[in-house]
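Note sheet for the following structure.
The values are calculated or read from the model by the stated rules, or taken from the named source; none is laboratory data. Fair warning: this is a prediction, and the values are worked out from it, not measured in the lab. Neighbour counts are summed over all protein chains in view; Cβ atoms, including those assigned to glycine, are modelled from backbone coordinates with ideal geometry.
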2 protein chains.
Amino acid sequence: MHHKASLIRGHWIDNLIHIYSHLIPAADLVVQLSPTLKTKPDVSSFGVDFTDHMLTIEWSSTEGWKAPLIKPFGNLSLHPACSSLHYAIQVFEGLKVYRGDDNKLRLFRPMLNMNRMASSAKKACLPAFDQPEFLECIRRLVEIDQDWVPHSYNASLYIRPTFISTEQSLGVKKPCRALLYVIMCLAGTYFNTNAASLWADPKYIRAWKGGTGDCKMGGNYGCSLFALDEAVDNGCQQVLWLYGDDHQITEAGTMNVFLFWINEDGEEELATPPLDGIILPGVTRQSILDLTRNWGEFKVSERYLTMSQLCSALKQQRVKEMFGSGTACMICPIRHIAYNGQVRNLSNIYKEEI
Amino acid sequence: MHHKASLIRGHWIDNLIHIYSHLIPAADLVVQLSPTLKTKPDVSSFGVDFTDHMLTIEWSSTEGWKAPLIKPFGNLSLHPACSSLHYAIQVFEGLKVYRGDDNKLRLFRPMLNMNRMASSAKKACLPAFDQPEFLECIRRLVEIDQDWVPHSYNASLYIRPTFISTEQSLGVKKPCRALLYVIMCLAGTYFNTNAASLWADPKYIRAWKGGTGDCKMGGNYGCSLFALDEAVDNGCQQVLWLYGDDHQITEAGTMNVFLFWINEDGEEELATPPLDGIILPGVTRQSILDLTRNWGEFKVSERYLTMSQLCSALKQQRVKEMFGSGTACMICPIRHIAYNGQVRNLSNIYKEEI
């Protein structure tokens, strides 16, 4: 693989300069290359095999941002009182770099991730950062570990920007110290199945108006894990999160959710819940909306969908497809939904394909 | 101070054996004493000065609990993908050890903290632990760092048990590795004032039915920080968290909240919101309820309280006291509440005392 690296380096840089010509170079970046490189596994599931290097950038309220550092992948040394570990002052992002048939590497709409990370950071009282400059540092990290990007249509390299408080005191407060870091891992398939079964129990609420459900804050995930555990105990892969007395459909596990159906008015419609504060503004979600609106083949709506609407549509065979979307899972068909003591089977709809 | 240590050690052990005689000793505990001890500061605010030692206990799904270890206080070495930093799979507790006039050291109702930590851990999909055995390890840690317990009526030593996932992969899932650790710090006054001003804005919701507001999970705090920031920007110390269309009073910052008033029926009543799933079951809260019920001097209620009830009572001069309660702040009078564009002044009620 190594001999290809230098060949594609030119293409890679051409490609990125084309996309990011507006960037200020992260001029202060310090690079410490690892003396040894890990063996790359042939097959990998999602999120377990990390690359050789990582990016770290420290911040403090007194000194501002320090020089970005790319260094060998390794453990973080954290004060045991650091408030990311006590009060979940932590946000993250997820984006992927793909290797094309032309061997060029491409990041998928990374500025959307940078923007969302900045919003999440603001909500977590973490400091602002220069988004293009941070992205340039990520680009350098990808460039250094470029051999990790799989030569495969089904796999990619997942980039995980992470932003944590490193405040070393136990009062609940806005942090005076923080660490922005980036790790990268192989991204095989997220689920061990090609279609997900969902557990929809209205007693569990993922997010609520006046909260942080529209941000990628760690707390949204930790606080929802017990519902996922119950879903798994009941033979499902993910939770279908409901909201309100009318059991609105909001998200499916860590995915946005889409329903392609004949709606109540007899129209062919691709529908997903609107960004009303409890829905994560997914990059894949946005891309699906952009793409399908551009196709102009059917109605595309951001609208509320309730379980009773879905159940009626299933009964009347008006459901064409239902799927989750997210960077990690990409597009994931939904096979079953367990709700109100019954399992609604969707797999007969598209049994040919999955 | 050091020469007193050996004198009081006997008292201390007597005292604890009296309280915890039902405990199994944590027989496997390994103690590595620090070769040097820090200088103890004369004055300390809350949560910034940590003692010389810490307790760590590692867990994995394959090997179970390892031997508890008391070692010199120092940084944790954590994998950068560890899911406590990404998905806030983390819970904590807070309890205090006090030095009495008799020089004996006493933990305040520690089994209530052990029980609550076990509940929080269950909600975070962290493993079960032997509560008395864990408490015995904490007792040993306190014993080793006993000179840190202030000789003061106004200060104490704060104990922070912390339980984090150390799962090293990025899929959102129940952790296979975890770390239970305990650090201790000096606990001076939590607020820089002897009465708190609160910011009550119904657009911010701390917790909701079907969520984790009744657990000490990190996410509850990180996800509420932006409201605290707005409170501070508006000259308040804490948020008064409201809930529902009727603006129910729920908690005040990191405290439970109590209203001592003449209620709508003309009764003298000490009231605090009920444990309905969105309220943290505070140890201080429970102790206040136990104590005042035992006094039998006035009605003691766990009941809903709305902002309109409070505002009417303030107008009609039926409010006798309002205060927050919590382990860190203990009892904190409430001086002002900013709500609906108006500042409601409570300080005239008890201006003599504060």
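For region B:288-306, state whether one or more residues are within 14 Å of another protein chain (Cβ to nearest Cβ) and either modelled with pLDDT of 95 or more or touching a Gly at 6+ places or on another chain (Cβ under 9 Å) (or both). Please lay out each step first, then the result.
We begin by selecting, within region B:288-306, every residue within 14 Å of another protein chain (Cβ to nearest Cβ); these are none.
Checked region B:288-306: no residue is within 14 Å of another protein chain (Cβ to nearest Cβ) and either modelled with pLDDT of 95 or more or touching a Gly at 6+ places or on another chain (Cβ under 9 Å) (or both).
Does region B:326-345 hold any residues that are modelled with pLDDT under 95 and either touching a helix residue (DSSP H, G or I) at 6+ places or on another chain (Cβ under 7 Å) or surrounded by fewer than 18 Cβ atoms within 10 Å (Cβ to Cβ) (or both), and which are they?
Across region B:326-345, the qualifying residues are B:Gly326, B:Thr327, B:Met330, B:Ile331, B:Asn340, B:Gly341, B:Gln342, B:Val343, B:Arg344, B:Asn345.
Is it the case, given these coordinates, that A:Met184 is closer than 30 Å to B:Trp241 by Cα, buried (at least 20 other Cβ atoms within 10 Å of the Cβ) and touching a strand residue (DSSP E or B) at 6+ places or on another chain (Cβ under 8 Å)?
Working: closer than 30 Å to B:Trp241 by Cα: no; buried (at least 20 other Cβ atoms within 10 Å of the Cβ): yes; touching a strand residue (DSSP E or B) at 6+ places or on another chain (Cβ under 8 Å): yes.
So A:Met184 fails the test.
Working only within region B:222-249, note down all residues that are surrounded by fewer than 24 Cβ atoms within 10 Å (Cβ to Cβ) and among the hydroxyl-bearing types (Ser, Thr, Tyr).
Those that are surrounded by fewer than 24 Cβ atoms within 10 Å (Cβ to Cβ) and among the hydroxyl-bearing types (Ser, Thr, Tyr): none in region B:222-249.
Tell me which residues, restricted to region A:71-100, are assigned to a loop (DSSP other than H, G, I, E, B) and under 14 Å from B:Cys223 (Cα atoms).
Answer for region A:71-100, where residues must be assigned to a loop (DSSP other than H, G, I, E, B) and under 14 Å from B:Cys223 (Cα atoms): A:Tyr87, A:Ala88, A:Ile89.
Restricting to region A:31-70, count the residues that are within 14 Å of chain B (Cβ to nearest Cβ), of a type in the set (Val, Ile, Thr) and in a loop (DSSP other than H, G, I, E, B).
Count: 2.
The rows are residues; the columns are (1) out of contact with any helix residue (DSSP H, G or I) (no Cβ under 8 Å at 6 or more places or on another chain); (2) at pLDDT below 95.
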| residue | (1), (2) |
| --- | --- |
| A:Asp130 | yes, yes |
| A:Ala155 | yes, yes |
| A:Cys176 | yes, no |
| A:Leu180 | no, no |
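Hey, can you tell me all the residues within region B:82-124 that are in contact with an Asp or Glu (Cβ under 8 Å, 6 or more places away or on another chain), surrounded by fewer than 23 Cβ atoms within 10 Å (Cβ to Cβ) and at the interface with chain A (Cβ under 8 Å from one of its Cβ atoms)?
Answer for region B:82-124, where residues must be in contact with an Asp or Glu (Cβ under 8 Å, 6 or more places away or on another chain), surrounded by fewer than 23 Cβ atoms within 10 Å (Cβ to Cβ) and at the interface with chain A (Cβ under 8 Å from one of its Cβ atoms): there is none.
For region A:145-154, does any single residue satisfy the condition of being at the interface with another protein chain (Cβ under 9 Å from one of its Cβ atoms) and either more than 21 Å from A:Ile279 (Cα to Cα) or surrounded by fewer than 23 Cβ atoms within 10 Å (Cβ to Cβ) (or both)? Before the answer, list the steps.
To start, the set of residues in region A:145-154 that are at the interface with another protein chain (Cβ under 9 Å from one of its Cβ atoms) comprises none.
Checking region A:145-154: not a single residue is at the interface with another protein chain (Cβ under 9 Å from one of its Cβ atoms) and either more than 21 Å from A:Ile279 (Cα to Cα) or surrounded by fewer than 23 Cβ atoms within 10 Å (Cβ to Cβ) (or both).
Would you point out the residue of region A:157-178, among those that are over 20 Å from the mean Cα position of the chain (by Cα) and over 21 Å from B:Glu230 (Cα atoms), that is nearest to the other protein chains (Cβ to nearest Cβ)?
Here is the first cut: in region A:157-178, the residues over 20 Å from the mean Cα position of the chain (by Cα) are A:165-178.
Subset that is over 21 Å from B:Glu230 (Cα atoms): A:166, A:168.
Working: A:Thr166: 10, A:Gln168: 8 Å.
Filtering region A:157-178 for residues that are over 20 Å from the mean Cα position of the chain (by Cα) and over 21 Å from B:Glu230 (Cα atoms), the one nearest to the other protein chains (Cβ to nearest Cβ) comes out as A:Gln168.
Considering only region B:204-217, I want to know if a residue exists there that is surrounded by 22 or more Cβ atoms within 10 Å (Cβ to Cβ), among the hydroxyl-bearing types (Ser, Thr, Tyr) and within 14 Å of chain A (Cβ to nearest Cβ).
Checking region B:204-217: at least one residue is surrounded by 22 or more Cβ atoms within 10 Å (Cβ to Cβ), among the hydroxyl-bearing types (Ser, Thr, Tyr) and within 14 Å of chain A (Cβ to nearest Cβ).
Being closer than 30 Å to A:Thr327 by Cβ, in contact (Cβ under 8 Å) with a residue 24 or more places away in the chain and touching a strand residue (DSSP E or B) at 6+ places or on another chain (Cβ under 8 Å): is that true of B:Gln146 here?
Here the answer is no, as B:Gln146 does not meet what is asked.
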